[in-house]
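Asker: So that we are looking at the same thing, I have put the structure below in structure tokens.
Any read-out appearing in this document is the output of simple, stated calculations on the displayed coordinates, not a laboratory observation. Everything numeric in this text was worked out from a predicted model, so none of it was measured. Cβ placement follows ideal geometry from the backbone for every residue including glycine, while neighbour counts extend to all protein chains displayed.
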Amino acid sequence: MSIHKRDDILSSEITDENIYLGRREFFCKAAKLGFIVPGLKFGTAEAAGFLNLFSPIKPSALPDDKLTSFQNITHYNNFYEFGTSKSDPAKYAGMLKTSPWEVKVEGLVRYPRTYSIDDLFKTYPQEDRIYRLRCVEAWSMVIPWRGFSLAHLLKKADPLGNARFVEFWTLHDPQQMPGQNIPVLEWPYREGLRLDEAMHPLTILATGLYGKSLPNQDGAPVRLVIPWKYGFKSIKSIVKIRLIDHMPRTSWELAAPNEYGFYSNVNPSVNHPRWSQATERRIGEWDLRKTLLFNGYANEVASLYTGMNLRKNF
Ligand SMILES: Nc1nc2c(c(=O)[nH]1)N[C@H]1C(S)=C(S)[C@@H](COP(=O)(O)O)O[C@H]1N2
Ligand SMILES: [Mo]
């Protein structure tokens, strides 16, 4: 059973002006607040031009990436704990209490640790990164995240020799997350990565977007973002990170193993059983775009999958 639907909502309510204002808002703020520091990894051509003045690092860019507006990033969401329609999270996620909040790091590590959110913020410096997000439903966005590489946290935990996978858990609290009373998925929402995927510098724990702390509907106070995988791997409102020696089950794989594999790398030539993955609609645009292998991040991540059959390991 699965309730992921191919998305066919009209984008008429989403204007270019929104996108422009969002972009301008971001760059003005970014400049004012001094986010532009060497070593920053942005992902758009526009940001690239902007940043090359300041940073020797060449970001991975597509020439026509434009930031999706703050309005769309925060009102067109998948967060089934608050309902299955795109507008539900903006309406209901406000009821989630994100402070105090704890994130446990446990399992096959030398230094297990429970972080308060303040602790997490203090321990790991935040930086801003623009990533494309491609949902399995064949739509995409360009989002200016704030966060830090998960690798920093994992290194501090010091994985033991037999740790091979990382498992992530969303909060389980049906009172605050009414969608958890409805068995659309196995709750709490669970996701997983191979350890090398989790250690890849592009994989981040996101704590904000557009230079602000993360809105609840986008997974406050902390969520994962893996830009080369379908959006559902980017689990929201995380309370537990566990290192293990076996491939974990994930909520989507438990719901429909033939539709949602463990890897879920964006791949235009491996179709979802119910629809093509060859194209996508960028939220705010009319014309379809061609979907790119690894969501356009092949240069950075393809080597993680050398020798693997990506059709079998979908
Ligand atoms: N806990 C939890 N995490 C989740 C989801 C969810 O329903 N619950 N939906 C996933 C899906 S399908 C997508 S596309 C992204 C959407 O992130 P966004 O709403 O911030 O764009 O979150 C992912 N993370
Ligand atoms: Mo998604």
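Asker: Which entries in the list 5/86; 156/212; 156/229; 86/240; 5/97 go over 18 Å, if you measure between the two C-alpha atoms of each?
Answerer: 156/212; 156/229; 86/240; 5/97
Asker: Under 1.5 on a/c is rounded, so check that first for the stretch 120-159, then, if it is not, pick prolate when a/b is larger than b/c and oblate when it is not; a ≥ b ≥ c are the square roots of the alpha carbon gyration tensor eigenvalues.
Answerer: It is oblate, given that a/c is not under 1.5 and a/b is not larger than b/c.
Asker: Classify the stretch 58-305 as rounded, prolate or oblate from the Cα gyration tensor: take a ≥ b ≥ c as the square roots of its eigenvalues, call it rounded if a/c is under 1.5, otherwise prolate when a/b beats b/c and oblate if not.
Answerer: It is rounded, given that a/c, with a ≥ b ≥ c, falls under 1.5.
Asker: If you don't mind, there's one more thing I want to ask. Just how large is the dipole of the stretch 58-305 about the Cα centre, in debye to the nearest 20, putting +1 at every Lys and Arg Cβ and -1 at every Asp and Glu Cβ?
Answerer: 240
Asker: Give me Rg over Rh for the stretch 102-227, both radii from the alpha carbons and Rh done the Kirkwood way, two decimal places.
Answerer: For the stretch 102-227, the value is 0.96.
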